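Read through the structure below, which is laid out as structure tokens, and then see the notes.
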Amino acid sequence: MRLNPVISSVVTALLLSACAATPPEPPAASARLHLQLAPASLGSSLSLQQHLTVERAGRTDDIDTVLEIEPDHLDLVGLAFGQRVMSLHYDGKELKTWRHFMLPKEVRGEDVLQDVQLTLWPAAAIRAALPAGWELEENDMQRTLRLNHEVVTQIDYPDRKAWGGKVILTNLRYRYKLTIQSVVTAP
């Protein structure tokens, strides 16, 4: 399947936000979540156009994106300055990424996929996949992801919906804030 340029933008923005700012000492491998849920566990198909604002290290970047999720795959493509900078394809088993050589090495497809899933997937599906020590709390306007009772990520839903509105993801570990404004383009 060929993805349109808007999908390309999604990947870029998410990738740039997910990994651009790293802590002074990276967490141990055991402290990484490694969340990779099957696309079918979303419970529906989804196609979104998104405008992302990434804030990190005193810098703000805006990127337009598109995301497509079907029961058998998730596709994300990112564009920056009219050029594709990353592609992501996940079939529930294998994650395939393509990166522009200029994309910072800290921008990892695994982290982008994880942010997408933490933001959009049902809390029950996420909880079922959490390793020991991790927990997810949720109310109708916020999700809080903790590791050993320490807040790692907070996701706010000011429009009270995961898609078709505004979502703000704040990653305290990697020190970035991602504001996502989504428009549903297909059911």
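Just so you know, all these numbers are worked out from the coordinates, no wet-lab data involved. Keep in mind that this is a model prediction, so the values were computed, not measured. All Cβ positions, even for glycine, are placed from backbone atoms using ideal geometry, and neighbour counts span all protein chains on display.
Taking a ≥ b ≥ c as the square roots of the Cα gyration tensor eigenvalues, with a/c under 1.5 meaning rounded and otherwise prolate when a/b beats b/c, else oblate, which class fits segment 110-158? In terms of gyration-tensor shape, rounded. Between ASP62 and ASP156, the modelled labels are 2.0 nm apart [label points 7 Å from Cα along Cα→Cβ].
Taking a ≥ b ≥ c as the square roots of the eigenvalues of the Cα gyration tensor of segment 29-187, is the shape rounded (a/c under 1.5), prolate (a/b larger than b/c) or oblate? Rounded. For LYS96, the lysines whose Cα falls under 18 Å of its own Cα, not counting residues fewer than eight places away in the same chain, are LYS105. Classify segment 95-187 as rounded, prolate or oblate from the Cα gyration tensor: take a ≥ b ≥ c as the square roots of its eigenvalues, call it rounded if a/c is under 1.5, otherwise prolate when a/b beats b/c and oblate if not. Oblate, since a/c reaches 1.5 and b/c is not below a/b. On full extension, the segment bounded by TRP98 and GLU137 gains 10.7 nm, given 0.36 nm per residue less the C-alpha separation. P(r) tail, segment 132-179: Cα-Cα pairs separated by more than 18 Å, 30% of all pairs.
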